[in-house]
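Here's a structure for you.
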């Protein structure tokens, strides 16, 4: 590894700033594209957070500050921005940056299509942003865009304007970017793995990329179909698809939309789960407990994710309740497997708690609350009572929004040294963690209670029932505490980019291949690769020699256990020993 | 690559038929995954049409317009023509796998001519239909589905034409023919979607 130390060049040393800009604009390097995704999605995330602060300011007390129309527009854009422009692309950012490194590839299978994905994503985002400027404002039918609210049926006082069309087209573009990205991820994982990197040796983050890619590939086109129908419905077909007055069916939209948007929940949370798994595998100083069961649980979640979409539509009366209830309960099983595996990994581990690990543990706690409230919802009678209350808002924010964000923040702290060659500041990181952790729990746990008390979602004003004003004020305070935490994070990013402590190629004693190259990696990623004999090649490189004589030491190395394997112990090769 | 010295691994006959005996390139994997996403797109549209057809009282065009009885002849003829172009397209792939660029170009030219004729016929179908896109669910699905299928046919034709020009310039041989294999798979998909799904549904659900 010492040979790699001097390999990194500084491509922009002495070059002028425009050349640097041009280099980033025209890059097809998966690392640069990943970093651009990260910056863009982070900026959109801050915008989405600002929207949430506006909403919380409005709801802090009964009575209105902003009009219902503005509030509708704000909560619609909060959801759309956070889902389509923050959570999905942040996942894509880490998949772009880390996955090719983790499998020892030079780049993605189709680097230029990768760049195309990014620019389509940015253009789609710009379209959504520009809808603020058009007459009638942005889309304001919620991120779920249920017709007939999206249509001009003659009954709505202020029919949605061009902003709605821009929303539909923008999301089609974002979906197209996702589809191209997923094709790229899948082919890269299937075709570009380094020699020795069998499927059963893929790091868990790469496995989540694979399953996420399949989910995107098979579900996003259905959303595209729905959006296309929605667009034609508004422009030409005059409600023939979704307006009951003209022969359309509102439920058809809901079925098509949730056929995508339920898997989309897993598209957001699975990469976060993968990051957390990798982080646990490093900072507990143990191999992840039950590697194969983790993979199988992942595949199980992916498969079940396709047959539960209608649990979002229990109260419509248009779906077969017992099937979707049962299937939804089933998802708790693979999710529980993952939960217990993470806990078992920490059990008796030599745990250390840098910020990345703190966020991973925080992820477990948040995801536990989110997951269990999800099981509540799966029960049809409970769902009937809680539908469209703040309980739902609390539940889905706990799981796919804030748990996923914690996973991605863990990824930021974990891979920042690899991306920029510098550590993030740990003190600021811990301040960030505690502010955010306290803040989001204040927000979303109170929302669960508020929902149980019956407060409906998506309203800009409410009756001051006993306790509601207090709880709403607590939520608002929590939102501002969380925002303060994110400001600390933002400061930390710029502080660490400038003054961060320098990190070597393997600052965390990592186990996966991305730590086998310099920080940041050269354009071609690797000058040489270590021998890959297990799912933890760098661990083998570091300790394999010491452990190979230990009969109690076993690693999961591919076909171990089904009769045609290479044996179960770590066997570092000659070359690995020389390099180490 | 010392590929000639190493005997080929036995390849499944269906795989051999579809993509040849050479190892599959990343490009070919990419187009296969992409076709799966396209299948899901059309699955969404077709599911919408079936749902609308089964549950809607107002299915028929609201302006009273309908397809004239016996008017199915031309659509059936062009359906047969479009689907049968899968044969010359596959022959083009077979030809280039053997390195026969001339036979490939001839077969692709047949595909281009017939495919273009299909699109022209679709234009006249749209011209002669006595209902507009705003005349209820049947009319809207008719234009949406044939329109998106037509767009995919045009996309396929443009891609095939680009590869045809590359062939004229002397590109492609027995080893390097990913684009031709990809175009072939895509063309099969376009014909398949039309023959098995869109044509029977759009033309007989009225």
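The values are calculated or read from the model by the stated rules, or taken from the named source; none is laboratory data. Note that the structure is predicted; figures quoted are calculated from it, not measured. Here the Cβ is made from the backbone with ideal geometry for all residues, glycine too, and neighbour counts use every protein chain on show.
Using the structure shown, decide if residue A:154 is over 23 Å from the mean Cα position of the chain (by Cα) and within 11 Å of chain B (Cβ to nearest Cβ). Don't jump to the end; show me each part of the working.
On the way: over 23 Å from the mean Cα position of the chain (by Cα): yes; within 11 Å of chain B (Cβ to nearest Cβ): no.
Taking the combined requirement at face value, the residue does not satisfy it.
Also: Of (1) modelled with pLDDT under 95; (2) under 21 Å from residue B:175 (Cβ atoms), residue B:74 satisfies all except one. Which?
(2)
Does residue A:79 fit the bill of being out of contact with any helix residue (DSSP H, G or I) (no Cβ under 8 Å at 6 or more places or on another chain) and closer than 26 Å to residue A:274 by Cα?
yes
Let me ask another. Which of the residues spanning the range A:236-254 are part of a loop (DSSP other than H, G, I, E, B) and facing chain B (nearest Cβ under 8 Å)?
The answer is A:236, A:237, A:238, A:240, A:241, A:247, A:248, A:249.
Criterion first (in contact with a strand residue (DSSP E or B) (Cβ under 7 Å, 6 or more places away or on another chain) and buried (at least 19 other Cβ atoms within 10 Å of the Cβ)) does residue A:77 satisfy it?
Spelling it out, residue A:77 is indeed in contact with a strand residue (DSSP E or B) (Cβ under 7 Å, 6 or more places away or on another chain) and buried (at least 19 other Cβ atoms within 10 Å of the Cβ).
Any residue at all in the range A:255-265 that's farther than 25 Å from residue A:399 by Cα, more than 15 Å from the chain's Cα centre (by Cα), more than 8 Å from chain B (Cβ to nearest Cβ) and surrounded by 23 or more Cβ atoms within 10 Å (Cβ to Cβ)? So that I can check it myself, show each step before the final result.
Taking the range A:255-265 as the starting set, the residues that turn out to be farther than 25 Å from residue A:399 by Cα are none.
Within the range A:255-265, none of the residues are farther than 25 Å from residue A:399 by Cα, more than 15 Å from the chain's Cα centre (by Cα), more than 8 Å from chain B (Cβ to nearest Cβ) and surrounded by 23 or more Cβ atoms within 10 Å (Cβ to Cβ).
Any chance you could count how many residues in the range A:107-135 are surrounded by 16 or more Cβ atoms within 10 Å (Cβ to Cβ) and either away from chain B (no Cβ under 14 Å) or closer than 14 Å to residue A:176 by Cβ (or both)?
The qualifying residues number 15.
Results for (1) under 20 Å from residue A:271 (Cα atoms); (2) part of a helix (DSSP H, G or I), shown as yes or no for each residue.
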position: A:392; (1), (2): no, yes
position: A:396; (1), (2): yes, yes
position: A:400; (1), (2): yes, yes
position: A:406; (1), (2): yes, yes
position: A:410; (1), (2): yes, yes
position: A:414; (1), (2): yes, yes
position: A:417; (1), (2): yes, yes
position: A:424; (1), (2): no, no
position: A:431; (1), (2): no, yes
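If you don't mind, another one. Residue A:213: in contact with a helix residue (DSSP H, G or I) (Cβ under 9 Å, 6 or more places away or on another chain), over 14 Å from residue B:37 (Cα atoms), crowded, with 24+ Cβ neighbours inside 10 Å and facing chain B (nearest Cβ under 10 Å), yes or no?
No: the conditions fail for residue A:213.
Scan the range A:181-200 for residues that are within 14 Å of chain B (Cβ to nearest Cβ), in a helix (DSSP H, G or I) and surrounded by fewer than 23 Cβ atoms within 10 Å (Cβ to Cβ) and jot them down.
A:190, A:191 - these are the residues of the range A:181-200 that are within 14 Å of chain B (Cβ to nearest Cβ), in a helix (DSSP H, G or I) and surrounded by fewer than 23 Cβ atoms within 10 Å (Cβ to Cβ).
Next up: Considering (1) out of contact with any helix residue (DSSP H, G or I) (no Cβ under 6 Å at 6 or more places or on another chain); (2) surrounded by 19 or more Cβ atoms within 10 Å (Cβ to Cβ); (3) assigned to a helix (DSSP H, G or I), say which one residue A:505 fails and leave the rest.
(3)
Sticking with this one: Within the range B:10-27, track down each residue that is facing another protein chain (nearest Cβ under 10 Å) and either buried (at least 22 other Cβ atoms within 10 Å of the Cβ) or over 21 Å from residue B:91 (Cα atoms) (or both).
Within the range B:10-27, B:26 is the sole residue that qualifies.
Has the range A:136-146 got at least one residue that is crowded, with 17+ Cβ neighbours inside 10 Å and not in a loop (DSSP other than H, G, I, E, B)?
For the range A:136-146, residues crowded, with 17+ Cβ neighbours inside 10 Å and not in a loop (DSSP other than H, G, I, E, B): present.
Would you pick out the residues in the range A:149-164 that are in a loop (DSSP other than H, G, I, E, B) and at negative phi?
Once the filter is applied, which keeps residues that are in a loop (DSSP other than H, G, I, E, B) and at negative phi, the range A:149-164 yields A:149, A:150, A:151, A:152, A:153, A:155, A:156, A:157, A:158, A:159, A:160, A:161.
Yes or no, residue by residue, for (1) surrounded by fewer than 19 Cβ atoms within 10 Å (Cβ to Cβ); (2) touching a residue at least 12 places away in the same chain (Cβ under 8 Å); (3) assigned to a helix (DSSP H, G or I); (4) more than 14 Å from every other protein chain (Cβ to nearest Cβ):
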| residue | (1), (2), (3), (4) |
| --- | --- |
| B:120 | yes, no, yes, yes |
| B:130 | yes, yes, no, yes |
| B:139 | no, yes, yes, no |
| B:149 | no, yes, yes, no |
| B:159 | yes, yes, yes, yes |
| B:162 | yes, no, yes, yes |
| B:167 | no, yes, yes, yes |
| B:171 | yes, no, no, yes |
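Still on this structure: Would you check which residues across the range A:324-369 are more than 15 Å from residue A:288 (Cβ to Cβ) and not in a helix (DSSP H, G or I) and list them?
Selection gives A:352, A:353, A:354.
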